[in-house]
Amino acid sequence: MDVFCRELPKVELHAHLNGSLSRSTMLQLRRLHADTGLVDRTNAFFDEFQIGAGDKRNLSDCFQVFGIAHSLTTTPEALKMATLLTLKEFQDDGCCYIELRSSPRNTPYMTQRQYVETLIKTMRENPNNLTILPQLILSINRSCPLSEGEETVNLAVEYYKNFPEILVGIDLSGNPTAGRFQDFVPALTRAKEAGLKITLHCGEICNPREISEMLKFKPDRIGHGVYIHPKFGGNEEIWNELRNSKIPVELCLTSNIRTKSIPDYNSHHFKEFYEAKVPITLGTDDKGVFATSLSQEYHICADTFQLQKRDLLDLAINASKYIFAEDAYEIINNKLQLFWNKNEKK
Ligand code: IMP
Ligand code: ZN
């Protein structure tokens, strides 16, 4: 199953750039930042960055670790390096398509605009001839001032006009206990009207009212959806709302367990969503922080919920229907069919 999960051509639809940095990537970034005083602390930094099994930190504590990665991606050069190394790691893990998301930040060495430009340029130019197809989602961080989110949408709308082949959507993420969804609706509506796809982190904490507002907004996808099903702190009303909406949900098993939203894999709402035929896709969320990979998520899912190879293939095929760059669907599907035919002959 290990080899099958790795070789299966997968699509990653829920990955945050700065949460995806591996130890090796962080070490290379450290070398690049060698003169900024971080040199001797990066190993300790990485131990703090990773949230493994048994870690005592709660959901809010988890949001503090991103500052560690952020301290290593403050220049366009470092951001480019972080992007290329991370894309390569997803490729090596058998991903053929990724929608990488990131919140453009102003740093002492880069404006939000330069942040966006760097990501688009890196993905377009593909200097390392990667075969994975990268697409970009710009994230609004709900714990930052509204003006920063508005600027992210301004930039997204502007760059989408020239680079729709790279920039595909907007995400709302960040600490779910901070900020109000309603405050971001005007900006998100502008993005939607401009043609960008929308994905919202939804139901990471128990807040049925916000979940309902989010579903009524009709995003193209949502992330996590933990507190929706009545068994998980949701209620019948929002659960039915989700089921009727047919909105695909990006499920991140290990992330939910490490942030203690779910006690263990066996109790994950994957089961309820899968059985109710809610459209789902598996994602890593932050593979660096949660020490996982997409093939590992497929493997864990198969082990926990007794899925066969054919079920995993169907999961991957379905995920490819929910991608934002709809044109890529045929290419991914052909790869999956080829892979399956070859596998059946083995
Ligand atoms: P970045 O956007 O590339 O800087 O990636 C890190 C950021 O992603 C964090 O600062 C959060 O805003 C966001 N993020 C990562 N994981 C989660 C999550 O599980 N829920 C909500 N936001 C998240
Ligand atoms: Zn996320």
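Filter the range 160-183 down to the residues that are part of a helix (DSSP H, G or I) and within 16 Å of ligand 2 (Cβ to nearest atom) and list them by number.
F181, the sole residue that qualifies.
Kindly indicate whether G195 is of a type in the set (G, A, S), closer than 26 Å to C144 by Cα, more than 16 Å from ligand 2 (Cβ to nearest atom) and open to solvent by 10 Å² or more (accessible area, probe 1.4 Å).
Considered against the rule, which asks whether it is of a type in the set (G, A, S), closer than 26 Å to C144 by Cα, more than 16 Å from ligand 2 (Cβ to nearest atom) and open to solvent by 10 Å² or more (accessible area, probe 1.4 Å), G195 comes out as yes.
Quick check on E204: is it within 27 Å of D61 (Cβ to Cβ), open to solvent by less than 50 Å² (accessible area, probe 1.4 Å), assigned to a strand (DSSP E or B) and touching a residue at least 60 places away in the same chain (Cβ under 8 Å)?
Judged against the criteria, E204 is not a match.
Out of the range 173-202, which residues are of a type outside the set (A, V, I, L, M) and within 11 Å of ligand 1 (Cβ to nearest atom)?
The answer is S173, G174, N175, P176, T177, G179, H201, C202.
Search the range 258-285 for residues being in contact (Cβ under 8 Å) with a residue 40 or more places away in the chain, part of a helix (DSSP H, G or I) and open to solvent by 10 Å² or more (accessible area, probe 1.4 Å), and hand back the single one that is farthest from L313 (Cα to Cα).
This residue is R258.
Could you list, in sequence order, all residues of the range 127-154 that are of a type in the set (S, T, Y), open to solvent by 10 Å² or more (accessible area, probe 1.4 Å) and closer than 25 Å to E326 by Cα?
If the condition is that a residue be of a type in the set (S, T, Y), open to solvent by 10 Å² or more (accessible area, probe 1.4 Å) and closer than 25 Å to E326 by Cα, then T131 is the only one that fits.
I332 is checked against (1) closer than 14 Å to C96 by Cβ; (2) in contact with a helix residue (DSSP H, G or I) (Cβ under 9 Å, 6 or more places away or on another chain); (3) surrounded by fewer than 11 Cβ atoms within 10 Å (Cβ to Cβ) and fails just one. What number does that condition carry?
(3)
Any chance the range 217-224 includes a residue that's closer than 26 Å to Q114 by Cα and touching a strand residue (DSSP E or B) at 6+ places or on another chain (Cβ under 6 Å)?
no
Tell me the helices (runs of 4 or more DSSP H) entirely within the range 39-121 that contain at least 1 residues that are hydrophobic (A, V, I, L, M, F, W, C), more than 16 Å from ligand 1 (Cβ to nearest atom) and on the phi < 0 side of the Ramachandran plot.
42-49
Would a scan of the range 41-64 turn up a residue that is within 15 Å of T292 (Cβ to Cβ), at pLDDT 90 or above and within 16 Å of ligand 2 (Cβ to nearest atom)?
Yes, there is a match, as at least one residue in the range 41-64 is within 15 Å of T292 (Cβ to Cβ), at pLDDT 90 or above and within 16 Å of ligand 2 (Cβ to nearest atom).
Are any residues in the range 102-116 surrounded by fewer than 18 Cβ atoms within 10 Å (Cβ to Cβ) and among the charged types (D, E, K, R), and if so, which ones?
Of everything in the range 102-116, just one residue is surrounded by fewer than 18 Cβ atoms within 10 Å (Cβ to Cβ) and among the charged types (D, E, K, R), namely R113.
Looking at (1) within 18 Å of L251 (Cα to Cα); (2) in a helix (DSSP H, G or I); (3) of a type in the set (A, V, I, L, M, F, W, C); (4) open to solvent by less than 10 Å² (accessible area, probe 1.4 Å), which is the only condition I222 fails?
Every listed condition holds for I222 apart from (2).
Could you figure out which of (1) assigned to a loop (DSSP other than H, G, I, E, B); (2) in contact with a Lys or Arg (Cβ under 8 Å, 6 or more places away or on another chain); (3) among the aliphatic types (A, V, I, L, M); (4) surrounded by fewer than 22 Cβ atoms within 10 Å (Cβ to Cβ) isn't true of V157?
(1)
Residues being of a type in the set (S, T, N, Q) and closer than 20 Å to G283 by Cβ: count how many of those fall in the range 238-252.
The number of residues fulfilling the criteria is 1.
Looking at the structure I just gave you, is F217 among the aromatic types (F, W, Y), surrounded by 15 or more Cβ atoms within 10 Å (Cβ to Cβ), at pLDDT 95 or above and within 20 Å of S139 (Cβ to Cβ)?
The answer is yes for F217.
The values are calculated or read from the model by the stated rules, or taken from the named source; none is laboratory data. Computed from a predicted structure; not experimentally measured. Methodologically, a virtual Cβ is constructed for each residue, glycine included, from the backbone with ideal geometry; neighbour enumeration extends over all protein chains shown. Only protein heavy atoms, including side chains, enter the accessible area calculation; ligands, DNA and RNA are left aside. Shrake-Rupley method; radii C 1.70, N 1.55, O 1.52, S 1.80 Å.
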